Amino acid sequence: MEQFDGLCVQGCQRCPNLVESRSRIVNGVGPDDADLLFVGEGPGETEDEQGEPFVGRSGSVLDEALGEAGVLREEVRITNCVRCRPPENRDPTTEELANCRGYLDSEIAAVDPTLVVTLGKVPSEHLLGRSVGITNEAGEIVDARFGDRSQRVLLSVHPAATLYDRSQRATFFETIAEAVDLASLGDGNGGSDGQSRLGEF
Ligand code: SF4
């Protein structure tokens, strides 16, 4: 039976194809009062195996960018538009995105972050409800309305883009540094000297 506590869902069967393809539901992780909330597309293979968003190669890039900006992964919240892995890593369908939207909206409202960061084209278009040219629009800040709520959103390329196109790396790292700055997180180094709080541990 479906259960939802405002942040995490259990037992959801709304998307028949994803119920077939998933190993488990991958809920968001991180503090329930985080200032910074990242929204990705959906779980990939590693995330489906481990039950946590952004723990594969893309997650390593995100962790690295956060570290350079002086923030630990544990200080931010990370979630996805859909919480179940699509088969063959295809994009979630419009219907699947709609099925899961209520969970995402509730999570954003519950966390009430200073800033939402969309990681890639799919979450950007899903949250803004319009077409997005993410390569051109990365780094832009938008005031979006989710229901009766106004939310500041920063658009970012997907961290995986840096793996396949090295020119995207600077864009991604600059956007994450901007996000940390806007959310008033970090150690003030801004990544400029390569130092990070990760070095303290
Ligand atoms: S993607 Fe979301 S709505 Fe669809 S089955 Fe998974 S948890 Fe439910």
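Quick look at the numbers
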{"quantity": "Any hit, the stretch 79-89, residues being away from the ligand (no atom under 16 Å from the Cβ) and at pLDDT below 95", "calculated": "no"}
{"quantity": "Neighbours by Cβ (under 9 Å, 6+ apart or cross-chain): first from the stretch 83-101, within 13 Å of SER21 (Cα to Cα); second within 7 Å of the ligand (Cβ to nearest atom) and of a type in the set (Phe, Trp, Tyr)", "calculated": "ARG83/TYR103"}
{"quantity": "Residue check, GLU125 surrounded by fewer than 22 Cβ atoms within 10 Å (Cβ to Cβ), on the phi < 0 side of the Ramachandran plot, part of a helix (DSSP H, G or I) and not small (Gly, Ala, Ser)", "calculated": "yes"}
{"quantity": "Among (1) surrounded by 17 or more Cβ atoms within 10 Å (Cβ to Cβ); (2) part of a loop (DSSP other than H, G, I, E, B); (3) within 13 Å of the ligand (Cβ to nearest atom) - the single one VAL71 does not satisfy", "calculated": "(3)"}
{"quantity": "Residue match in the stretch 35-58 (condition: within 11 Å of the ligand (Cβ to nearest atom), in contact (Cβ under 8 Å) with a residue 24 or more places away in the chain and of a type in the set (S, T, N, Q))", "calculated": "no"}
{"quantity": "Filter pass, LEU182 being modelled with pLDDT of 95 or more and farther than 14 Å from VAL61 by Cβ", "calculated": "yes"}
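The values are calculated or read from the model by the stated rules, or taken from the named source; none is laboratory data. What you see is a predicted model, and the numbers here were worked out from it, not measured in a lab. A quick note on method: Cβ atoms are made from the backbone with ideal geometry, for glycine too, and the neighbour counts reach across all protein chains shown.
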